[in-house]
Structures are given as structure tokens and as C-alpha cells.
Amino acid sequence: MLFPAPCRKVLTKREGVNQSQHKKFAIARARPPACEAHALPNPTLLQRDASLRIVSVDKIDIYDVAIIGGGPAGSTAATLLAKAGRRVIVFEREKFPRFHIGESLLPFSVQTFDRLGVREKLDRTFLPKFGGEIMAACGTKGVKFYFKDGFRSQRDRAYQVMRSDFDKLLLDHSRENGAEVREQTEVTKLDFADDRVKIDIESSDGAKSTIEARYLLDCSGRQTLLGSLFNVKRTYDHLQKFSVFAHYENIDRLPGRDATLIRMVRGLDRWFWMIPLTETRTSIGVVMDTATFRATKLSPQIALEKFIDEQPLMKERMRKAVRVSPVYSAGDFSYRNTRLAGERWLLAGDAAGFIDPVFSSGVFLAIMSAEKAADTLDAALRDESKRRRLFNKYSRSVNRIMDIYLTFVNSWYRRSKEFLEVFLNPTDTMQIAAAVNAVLAGNEGKSLAIKWRMWLFYFFVYMQRFFALSPRLTLVPKPQSLPTASEPVRTA
């Protein structure tokens, strides 16, 4: 069944809610009146309502769509809906710009940027990204891949972005296209009626007001407001990772277009990223199991310095590096909502789910789902009788694409050595490497031509466990075997 039952139990602390840290939040439903008011957790708000209230809609201004969250998903949906002539309002609890991780984009988002009308702004503001570089931590094998070489490639580049600037640019663009945006504004209460949602809000100066919308789109990110409300958020226990990261200046880079490549270094129990953000600034981070990080008993800053010092492939680019930001950390970030739609709501972006930071799928999935959500809501507003079919189609589509990346991520972590051994030895046989490249670029993999090639790739990764189809790798750093600065890394 797509739509959740009217009443849900409280999300447990194990599922991600630390109730002692949250402000108060209440939800009431107009129907059924016999349903008991219940505590509704989410990462910023929590309260138990004393009773349900019947929604009054006589004198309240009505929007077509209200969007919670002004990140890439919220701003993308807002712009598309506004361009379609819909009355849209966005509530964002922070003031942009603000720091955020997730700085490397994928080429298949570019077609959405064209549709938004924001492509020229991005070209003027951010570095292009032509592909990536993946290295084995042992230093004996590496491969570069370029998006132009992907299977039936349509785009040769994406962007590397400072998320503070990128998110602000998209949100400002929503304003310019007619969406109403209220920053530093929190949602404090939701009342669901049969034909609309009543939303109580509070701004940072304490001012309170109420609006109504025919539909609610939750783009609240890792808050997963509605996912927690309806108790449909589920974590991936096997993907509970922890990352520490910071920004640096004066990182050594390769010449030409290779200076734009994201570098990933894969070790036995961790992997590093190196993302060029501007001509001089670079994002550096490392991801590992949460248990592995906790066992170090180190602070994020000391841990990051130690991990980099232990990895020569990172150190060789950081000889003159200067850290120019605090060291940030994030943990237990892999989750999924079992439902993405209800009678009057949809989930998009990180509010729908987040798989893993590897392969830069986060912003891509956010923008992809937001575009689909905007089109779905616009169609539902045109013909309410098709709402359930449209919402079901939306859920299937987004879940299918998330499953593609979940499969990729599972292979990366569960068979890390075998994955690297096969991936770092690409061949032109049957264009399997080109198909993998296409998925890394954001290709949804609908075509049978990509599906069977990806199936073969995963089959080879599995068989590599038993037979050395590709040369074996240790993934253990060996300083004496590192390539020198003048030695080119093998190119796919």
C-alpha cells in the first residue's frame, strides 16, 4: 500500500531521533477524529499534541505547493513549479549561504540545469568536472575515467561546487522565477485534511503564521521530517559509515583538464576523496565504518590528520597544503524511506533517502527526484483524479534509480578488493567499462544495453573473489611503490 495509515508510532532513538536535542513539533490530522494525537519526531522538532483539531480553510491563503527545505532538491522543485505557473512557497530554517558537504556533481544533472535556466550561471561560477580518478591505496594501480567516454555519452562534464555558493545560487534562482522563499523559518505544526495541508511556521524573530497548500513536498534533507513522522525511515545497518573532512588550499594538481578530476583512494577499510572546488581550494575527506572511527578514540581533527599521514597517495598532493576550514564530521548517513508519497505529500532529495557519499550520487539523486516530484505535482494539480497513479509512478521511478546506486555502493564496500581489481583493469570487451562510466555519470540505466553490461561487471567482481580474472591488489600503502609526480596514472 502506498499511503501510510493515519496514525504512526514514534520513531525510536535507534532509528535516528535524539529527542532531548529537538525543539517542539506537533502534527494534527483532520481525519479520522478518533485517532489519538501522537508525538511526531524529526531532527529539529518534537511535541505531543493534547488533541486533534479540525482544519478550517475558510480565510487562509492557499498555495499550490509548500516545500520544506531550500537545498538543491527544494530549490529545483520550486523553480520548476513556479515556471509551470504554480504558486509555490519554500521554508528554509537556515540563512544561505551556509556550509554543506556534497560538492561533486554528475553530468546527468546538467539537463535539469538547462531546464531550470541556470546553466550559464553555473558555467560562470564553478569549476567543470570532466571525470574522476580512482587509485588503489597500495599505489600500484590507478585509473582515470572521463565522462565523454561513457556508453552513449550525452555530456562530457559536470561541476565541482562550493555547496554554500551553489545552494544559494539555486535558491535565489527560485525567487527570481516567482517562488516565495522564507529563510530562517521553521515548520512547527502540520494539519492534514482531505484536500490540503495546513502549515504553522515560526521565523527566527519569533513571528508565527499559518499557510495552506494543496500539496506538501518534503525536501528537509537528513531531517527527513515526514519520514520520521510516518515512521518509514529505515537505516542501512551495513552502511553505517563515518566521515571527517575539511577544506584546504595549495593542493598539488595535475595539469589541464585532469586538474578538475575528483580523486578517490581506496584502502582496505577506508576511502579518501579529494575534490577541487576552486582554482586553489580543495575538499579532502575520508570515510570508514563508524565502529572503526570510534575505536580510534580520536577527535575528528586529529583523526583526519592521522589518516592523511598514513596514506602516501594523499600526502603526495598535500605537501604544501594549508587547512582553511574547521574539520567537520558526519556519521550514520545511509538510510531510505519505505514510502515516498502519501495523500497530500511527496518526499524528495535526502528527505527520501541517502545512500552514501561515494560516487557523488547525493546531489544528483536530490535534483533528479526533485524534478520528478515537481512534474508529478504539476500533473496532479491539473487532474486530481490521477493523483494516486502519478504518486505511485513517482515512487517506483525514484526507488528504481536509488536501487541502481545502492547496488553499486554495496559492491564497493562488500567486495572492495575485488571491485577495485576489476574496475582498475578496464578492457574494451563488450564496452563494460563504458557502461560503468555511464552509471557513474548519472545514467539511470533504463536501457537493456546498459543493464546487461552492468550485470556482467558485477558478475566479474563476484568471480574475482575465486579466480584472479584481474591482477590482485593488497590495498595496503607501500610508499616505495608510489608513482612519481612525472609518472602518468593509467588512463581508461
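Taken together, the values in this text are just the output of simple stated rules run on the coordinates, not laboratory data. None of the values given here were measured: they were computed from a predicted structure. All Cβ positions, even for glycine, are placed from backbone atoms using ideal geometry, and neighbour counts span all protein chains on display.
Numbers for the structure displayed
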{"quantity": "For region 443-459, 3J(HN,Hα) per residue [Karplus equation, 6.51 cos²θ - 1.76 cosθ + 1.60, θ = phi - 60°, Hz, x = Gly/Pro]", "calculated": "5, 5, x, 6, 6, 4, 4, 7, 4, 6, 5, 5, 4, 5, 4, 5, 5"}
{"quantity": "Mean Cβ count within 10 Å, highest first, over the residues of peptides 180-186, 424-430", "calculated": "180-186, 424-430"}
{"quantity": "Built amide H within the under 5 Å cut-off of residue 271, gap 5+", "calculated": "287"}
{"quantity": "Computed label-point distance, nm, for sites residue 427 and residue 302 using a 7 Å Cα→Cβ extension", "calculated": "4.9 nm"}
{"quantity": "Sites residue 449 and residue 476 - FRET efficiency at Förster radius 35 Å, r taken between beta-carbons, to 0.05", "calculated": "0.40"}
{"quantity": "Anisotropy class of region 105-229 from Cα gyration tensor, a/c 1.5 cut", "calculated": "prolate"}
{"quantity": "Protection proxy ranking of 294-306, 352-364 - average other beta-carbon atoms within 10 Å, highest first", "calculated": "352-364, 294-306"}
{"quantity": "Sparse-neighbourhood loop sites, chymotrypsin sites (Phe, Trp or Tyr not before Pro) in region 417-479 - DSSP loop, at most 11 other Cβ within 10 angstrom", "calculated": "466, 467"}
{"quantity": "Length gained when the stretch residue 152-residue 309 is fully extended (0.36 nm per residue, less Cα-Cα span)", "calculated": "52.5 nm"}
{"quantity": "Sequence ranges 222-229, 165-172, 388-395, ranked by mean other-Cβ count within 10 angstrom, highest first", "calculated": "222-229, 165-172, 388-395"}
{"quantity": "Too-long pairs where the Cα-Cα distance tops 25 Å, listed order kept, from 241/320; 144/168; 148/233; 297/417; 393/446; 121/315", "calculated": "241/320; 144/168; 148/233; 297/417; 121/315"}
{"quantity": "Shape box of region 266-335 [Cα atoms, principal axes, largest first, Å]", "calculated": "34, 25, 21"}
{"quantity": "Interchain or long-range residues, amide H under 5 Å from residue 159's placed H", "calculated": "105, 106, 129"}
{"quantity": "Rough spin-label spacing in nm, given labels placed 7 Å along Cα→Cβ, for residue 114 and residue 292", "calculated": "4.0 nm"}
{"quantity": "For region 304-380: relative contact order, % (alpha-carbon pairs under 8 angstrom, 6 or more apart)", "calculated": "21 percent"}
{"quantity": "Modelled FRET efficiency - R0 30 Å, residue 140 with residue 235, Cβ distances, 0.05 increments", "calculated": "0.25"}
{"quantity": "From the C-alpha gyration tensor of region 346-492, square roots of 5λ in Å", "calculated": "38, 16, 13"}
